Amino acid sequence: MKRTSLKYDIIVVGGGHAGVEAAYAASKAGLSIGLITMDTNALARMSCNPAIGGSAKGQIVREIDALGGLMGETTDRCGVQFKLLNKSKGEAVWSPRAQVDKRKYESYISAKIRNVDSVDLIRDEVVGVDVVGNRVDSCLLRSGNTIYSQSIIITSGTFMDGLIHIGDRKIPAGRMGESGSVGLTSSLVSLGIQTGRLKTGTPPRLKKNSVNWSNTDIVFGDESPTPFSFSTKEFAPQNIPCHTIRTTDDAHAIIKKNINHSPLFSGDIGGVGPRYCPSIEDKINRFSHHSSHLLFLEPEWSGSDQIYLNGFSTSLPESVQIESLRAIPGLESVAFYRPGYAIEYDYFPPSQLTSTLESKIVSGLFFAGQINGTSGYEEAAAQGLIAGINASCCVKNIEQLTLGREESYIGVLIDDLITKDTLEPYRMFTSRAEYRLSLRYSNADQRLFPYAEKFGLSNLARSSKHNKKAQALKSVFELLSKPVSPGLINNKVKEPTSGAQLIKRPEISLESFQSNYFDVIKTPFLEPWERSELLHEAFVSIKYEGYIKRQNASIQKNKKLNLVKLPLFLDYLSMVGLSREASEKLSSIKPETLGQASRISGVSPSDISVLTVYLKNK
Amino acid sequence: MHSKDTIVAPSTPHGYGGLAVVRMSGDGALRVANKLLPKTNTTPLINRFATTLLVVTPDGDPLDDVVVTLFSGPNSYTGEDIIEISCHGSPAIVSSLVSFCVEYGCRIADPGEFTRRAYINGKLDLVQAESVASLIHSRSLDAAKLNVRLVRGSLSNKLVELRSKLIKALSLIEFELDVSEDELDEERLNTAFSLLVSVREIFSTLLKTYHDGRIITSGARVVLSGEPNVGKSTLLNALLGKNRAITSDAPGTTRDTIEAYSVVGGVPVCFVDTAGIRETNNAIESDGVRRSIEEIETSDFTLRIIDNISYPVDIINVKTLVVLNKSDLFSQKQLKLFLNKHNNVVSISAIREQNISLLENKILSGLLNDKFHSADIYLTTSRQNSVIKDCHGGLENILSSWNVLLATADVLAFEIRDVIDNLGFLMGPTTPDTVLDKVFNSFCVGK
């Protein structure tokens, strides 16, 4: 702790992945930031799996990096195994992922944040938010202090009235071993903010020496690893393996026998859990025709004696967890550092937010991360970053940043959050992005760097490199527009054909071009991985050109709808011509634009025409 | 639909009759109905009960004894509260009832507004809603039967089934893209492929029904053409069973086209009697000839009428039937010889009304590809046809370049989604959530 004062431009509540990105982004605007956390030694803690990235999430991390966030560079520094997923499934879904050393990750980010002069770390607990008019004014701390601020970003994760379940044991907590936070929810409710309850879970952590490793299969990462950050230099990470093991009939039988001891089945847990990350009891119950499920044994840090058992999320009693795992060859004498558990927590339905993550009813109040009903470090970090950028715009009273669905996964994420019902914790999937073909990991900087510059999130070195890279990409396109001499292409070409035309043929890959074909493109400012990614990016954008053109009509239509602003307090209930469901949904969500309205479930195209006519006649 | 706005309209045609029906829909329907009743009325209106009641003018004078039925929303045609008043069929009573309803706060319904509200409130889908109008305007029993099936959702149900197969196929691919970390799973891809093949087959069957579906519901245009004075107008009269066209012995009597409606074997047919085709200097007549040729080109079927067995009949095409009129003028032997040589010529005598029903059967089989079964599902509008055509074409492309597309499963998913989006023009949009739901429900996801 450097110092505390009673006044900051921005207060960030919580020091998880959303909180640190928010504070870091806001600090770039030259504002003073107070980051209040219950444990200043647990910044950016990876409380669940020891991995960052993966399908859709990898793209998000690239986007965070393009906007100057911390997650990409930190993962590159702390990763112990890197893999580009989906390499055989089409370039638009190629997604980088890394196994990460959790301890290193925490300390890297902690050092980053502590090095920023304008961010103060405050060890305390926020128990209330006060407003003047409809604008935030201050927050009240457990210690009794009051801190004044023009903007407050709530990023309190699963800590709000958190309740851990292990069998029928219930422990009030924020995470295992960390106490929860009580009081803030009711304070926010008194301001008119609605709340709900969600649930998530985590698997047991095993003692490394209790596993018979000879019974496991070994999985390494890629030999030529793909980093996350556009700034990473001299990238040569470790390649520590993970191991896999399969559940057995015997293990399933033990779980089935004890299934009524799981709070998920006994009805003890009211919150809704994520279907994409089912507990082992859920998997066995719903997919009883699968005789075996794959489990991953992942080291939590480099040289870790603690193993994360990915695929075995559970809230069964600890004794049942142990008993069933011991029925798996290789785990006969398994011992835990801690059991798997489920946690229920308060969230604030994000349809109460604008597309900049600001509350629609309390100005200056922002929400980001798991309390918005999302799951995942990447989703949380992305929201934190956007909330941090926008809170600083809010303080400076300048236009805030809204990213479009057509330009980023982060845009899809936030737009989905504010227009869709949260039925379970929200996780990003590539199929949520209707313009997926253009949202590639390899063009995240091209898509978002202009915003980084506009909002002061970049620096001179980055800008200059970005411009040189853009120039190089242009040269690649120019080269490819010219006929390829037959000696430079491995496939037979009868008549003079441009590189671009060749690329559109299904049998042509980047490897079809002789290695010296691209020699005329000089890129001394790029790392080797960056250069090959640049060529790859040129290749893909030509290959997908036709499909992307087909998307554009819909993008244009969407953009038009997004430009039509809706007053926040329209009387939808008395508007003639809307379906009953639409008028109810619209008056509860209060969309900001016609585009958002059109994406609310229950609002049909005919309701949108009614709104259009209404706005014209107004 | 926001039912703050309560609408009213007579549901039966204008004119005198035994009964007439006035209908209201909206939140205010029940309140307005109670205002029509005398202040002393104690009989409550019960959902789906027909109640005999006296309705009074705003001054309290008796107007008519009527039957009032309440259909409470959302289980009503429009999904809102509906009041139906069956009154005596006098235009004066009907218009008074409607104007009192307006006085009590209703608005006169726009044309088709009851059905539009049913659509907006999700009681009917687009295919069903457009069939309601066709049903009302059905000109034959078979057309009505077909439209009833469409209103009841036979086509919609089929499309729902096809859409869910497409979503299943897409979810198999999305599982590969979003969840699975292994190489593409051949078995899953094969399942997707066969699902798409089965949907393509049904699309192609549906497309084949459009011709007949259109003819049955919208009716057909059948042109009577031929040299002057071969008896086209006489035949038209015989087909209609009444003297519709003026006939005479002088060639060139019909100088303009004449249209007349009839029902042939359940198909509504518009017969078009044309001016005889011949070289003429008469300006009016030659204009008629030009129109005749146009009519033939745009019609569904042409009857080429001849009255001379030396006529060269080899010009016929599938859309044309050669009809030898005035069969009574030839000897049996001459006729037999001619008909043996030209087995697709029908011989009739229009003036004696001989072989007219045989001719009708031939017209019917010329118009329809298959025998009409009201139980089958037909495409009936050009919108349905063009949407299904696009979907079919999309699937054709996907299936024919399957192996290439497998190298880029993201593009494959894009193409399948495109087909589903196209189908959305008939059924409303499919969101990414629908697909993800399918992925979560069908597969064991998550490490």
* **Phi to ³J(HN,Hα) by Karplus 6.51 cos²θ - 1.76 cosθ + 1.60 over segment A:151-167, Hz, x for Gly, Pro** => 8, 10, 10, 8, 9, 8, x, 9, 7, 6, 6, x, 9, 8, 10, 10, x
* Structure fact -> The simple spin-label model distance between residue A:286 and residue A:511, using points 7 Å out along Cα→Cβ, in nm, is 3.8
* Tensor-based shape of segment A:393-545 (alpha-carbon gyration tensor, a/c under 1.5 rounded, otherwise prolate or oblate) -> oblate
* Structure fact -> Beyond 29 Å (Cα-Cα) in this structure, taken from A:104/A:207; A:57/A:233; A:233/A:522; A:360/A:468; A:57/A:559, we find A:360/A:468
* **Selection from B:18, B:83, B:99, by position along the positive dipole direction of segment B:7-125 (Cβ)** => B:83
* Report, by chain and number, residues whose modeled amide H sits under 5 Å from the one on residue B:226, excluding near sequence neighbours (fewer than 5 apart, same chain). => B:277, B:305
* Structure fact -> Of segment B:158-202, those with amide N under 16 Å from the point 7 Å along the Cα→Cβ vector of residue B:399 are B:162-163, B:165-167, B:169-170, B:190-202
* To do: Please give the FRET efficiency for residue A:207 paired with residue A:238, using the beta carbon to beta carbon distance and R0 = 22 Å, rounded to the nearest 0.05.
  => 0.50
* Asked: Could you give the nm distance between label points at residue B:290 and residue A:463, where each point is 7 Å from its Cα heading toward the beta carbon?
  -> 7.2
* Taking segment B:297-401 and dividing mean pair separation by its residue count, relative contact order in percent (alpha carbons under 8 Å, at least six apart) -> 20
* Structure fact -> Listed residues B:433, B:410, B:418; largest mean-square fluctuation, Gaussian network over chain B with Cα springs below 10 Å, found at B:433
* To do: Could you order peptides A:115-123, A:523-531 by the average number of other Cβ atoms within 10 Å of their residues, highest first?
  => A:115-123, A:523-531
* Structure fact -> Given the candidates B:380, A:194, A:158, the one whose Cα lies deepest towards the positive end of the charge dipole of the protein assembly as shown, counting +1 at each Lys or Arg C-beta and -1 at each Asp or Glu C-beta, is B:380
* **Residues with amide H under 5 Å from that of residue B:89, placed H, sequence gap 5 or more** => B:17, B:19, B:20
* **Charge dipole (debye, nearest 20) of segment A:34-135; +1 at Cβ of Lys and Arg, -1 at Cβ of Asp and Glu** => 580
* Using the beta-carbon distance between residue A:231 and residue B:204 and R0 = 41 Å, what value does 1/(1 + (r/R0)^6) give for FRET efficiency, to the nearest 0.05? -> 0.15
* Any idea what the dipole of chain B comes to, in debye rounded to 20, about its Cα centre with Lys/Arg Cβ at +1 and Asp/Glu Cβ at -1? -> 1580
* Asked: Per-residue HN-Hα couplings for segment A:171-181, Karplus 6.51 cos²θ - 1.76 cosθ + 1.60 at θ = phi - 60°, whole Hz, x for Gly and Pro?
  -> 10, x, 6, x, 9, 4, x, 10, 6, x, 10
* chain B: most fluctuating residue of B:409, B:350, B:129 per GNM, C-alpha cutoff 10 Å -> B:409
* Residue farthest toward the positive end of the dipole of chain B, with Cβ of Lys/Arg at +1 and Asp/Glu at -1: which of B:155, B:173, B:240? -> B:240
* Structure fact -> Checked against a 28 Å limit on the C-alpha separation, the offending pairs among A:112/A:454; A:102/A:454; A:89/B:165; B:145/B:232 are A:102/A:454; B:145/B:232
* Asked: What value, in deg cm²/dmol to 500, does the helix sum -39500 (n - 2.57) over DSSP H runs of n ≥ 4 give at 222 nm once divided by the residues of chain A?
  -> -10000 deg cm²/dmol
* **Extension reserve of the residue B:336-residue B:12 stretch, reckoned as 0.36 nm per residue once the Cα distance is removed** => 111.1 nm
* Structure fact -> A correct fewest-to-most ranking of A:250, A:268 by other Cβ atoms within 10 Å would be A:250, A:268
* Qualifying aspartates and glutamates (Cα of each under 18 Å from Cα of residue A:590; at least 8 residues distant if same chain) -> A:358, A:415, A:416, A:421, A:571, A:581, A:607
* For segment A:362-372, in order, what is each residue's ³J(HN,Hα) by Karplus, 6.51 cos²θ - 1.76 cosθ + 1.60 with θ = phi - 60°, in whole Hz (x at glycine and Pro)? -> 10, 7, x, 9, 10, 10, 8, x, 4, 5, 8
* Long-range HN-HN contacts of residue A:316 with modeled amide H, under 5 Å -> A:167
* To do: Alpha carbons only, please: Rg and Dmax for chain B, in angstrom.
  => 29.7, 90
* Asked: For segment B:7-125, what is the charge dipole size about the Cα centre, in debye to the nearest 20, if Lys and Arg each add +1 at the Cβ and Asp and Glu each add -1 at the Cβ?
  -> 200
* Structure fact -> Once the in-chain neighbours fewer than 8 apart are removed, the lysines whose Cα is under 23 Å from residue B:341 read B:319, B:326, B:333, B:362
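FYI, it's all coordinate maths here, none of it is from the lab. In this text, all values refer to a predicted model and were calculated from it rather than measured experimentally. Virtual Cβ from ideal backbone geometry, glycine too; neighbours counted across all protein chains shown.
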